[in-house]
Each structure stands twice: as C-alpha cells, then as structure tokens.
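The values are calculated or read from the model by the stated rules, or taken from the named source; none is laboratory data. Remember, predicted model here, so these are calculated numbers, not experimental data. Note: ideal-geometry Cβ built from the backbone for every residue, glycine included; neighbour counts use all protein chains shown.
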Amino acid sequence: MSAKKNTKANGDASKAKKTKSVEESKPQAAPTPAKDETQQQRVSPDQQIGFHNHYIKDLSFENPNAPTIYSPSETTPEVSVGFSVASAPVPGRDRHFEVVLSVNATAKRGDETMFVLELSYGGEVSVAPEMDERNINPVVMIEGPRFLFPFARAIIATISREGGFMPINLQPIDFIRLYRANLQQKAAQQESSGTTS
C-alpha cells in the first residue's frame, strides 16, 4: 500500500536559499516512544507499535549543471518536493513490516536544473499480537513514517547543503491526512473502474 503527496516551494537566491513549507497543515509532533529494556526496541505503548531499526535504502543526488549553476542570478529558484509512503510485511517475521518513506526534491532556476535529490528511508516496525487486524494498516502507515521523518529530514538538509546549496528544511508532514487522502484516491479509482467495466 502506498501514499503520495506533492508540494512546491520557491527559493529567493541563486543557491536555492529559501524553501517554503511543503505542508501547510499544523505541525505534527514526532513520536517519542519509550524504550523496552527487555526487547531493546523503542515502543509506543498507546499505539502498540515497536520500532526496531531504520536505514537508508536508496540515496541519489544529481548536480548536472555545476559549476555554472552557482553563478549569480536574479531568477528565483523553484523547489518541488514530493513524498510517498509504502509498506510491506517482513518475510519470516509475524506482524513485522518494512515502512519506506520516499522524498524527491528538484530545484530549478528557470528551465535549468539546479539539483535532483532522491531519498528512500526505511524502517522495520512491528505491531502487538492483540492489535485488531483492521487497525494494523493505518497504524503502520501513519506511525511508521512519522517515526522515520526526522531522520529523513536531517539527511535531506545535509545532502542539499553538501551539494553546494542552502539546505532544504522540510516542515513536518500530516501523515494522517496523507493516509486519508490515499484512501480516498483508491476509493475513487475503484469506483471509476467499476463504472467503466
């Protein structure tokens, strides 16, 4: 299952000096799960979800027009940022899921590409045995990326800065809203498919 979100932001200098918020909704606090000393994992008791590990699955940075792209210009850079979330069961581990948060950022100055940054950041989560089957998908698809987001955000900021540009500072994402939007989109697709068949 996957969810997607696309937004645009504008900078105001030749090195993409400023990026607007990629999400206009109120900031959502990152989870602060307690540590389970027995299982050595971070656990959120209220959601009955465990966070086992997190990691970079894929990372790409392209700077196709260096060094001329760093020349002073009065053209305002435009930065487009897109998000997607996907999850899949971990083979051989009951109620364990891999969640992947993908972030794609492209900066342009007019028709000239400044940089393209793509990150897929993954993590393994598990849900409690007593959790109702109907609640597993929303919990995994909302709490999973919410936990991963601060780590992905830090990587995006670091890579864009090390690429010679001002860092992209992503604003918190409303993953509940993103999940609901994805459900609505799927329902609309199913309804459209049923109408045309």
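Quick check on this structure: which one of N169, N135 is part of a helix (DSSP H, G or I) and modelled with pLDDT under 95? Give the steps one after another, and end with the answer.
On the way: N169 fails: part of a helix (DSSP H, G or I).
When all the criteria are applied, what remains is N135.
Counting only residues that are touching a residue at least 40 places away in the same chain (Cβ under 8 Å) and within 16 Å of the chain's Cα centre (by Cα), the stretch 161-188 holds 14 of them.
When E118, E191, E124, E143 are checked against the criterion of being outside any helix (DSSP H, G or I) and either over 19 Å from the mean Cα position of the chain (by Cα) or crowded, with 18+ Cβ neighbours inside 10 Å (or both), a single residue qualifies: E124.
When we screen T7, T113, T38 for residues that are modelled with pLDDT under 90 and more than 23 Å from P129 (Cα to Cα), the only hit is T7. When the stretch 54-72 is filtered for residues that are touching a Gly at 6+ places or on another chain (Cβ under 7 Å), of a type outside the set (A, V, I, L, M, F, W, C) and at pLDDT 95 or above, the ones remaining, listed by number, are H54, Y55, K57, N63. For T113, the criteria (1) surrounded by fewer than 16 Cβ atoms within 10 Å (Cβ to Cβ); (2) in a helix (DSSP H, G or I); (3) touching a residue at least 24 places away in the same chain (Cβ under 8 Å); (4) hydroxyl-bearing (S, T, Y) hold in every case but one, which is (2).
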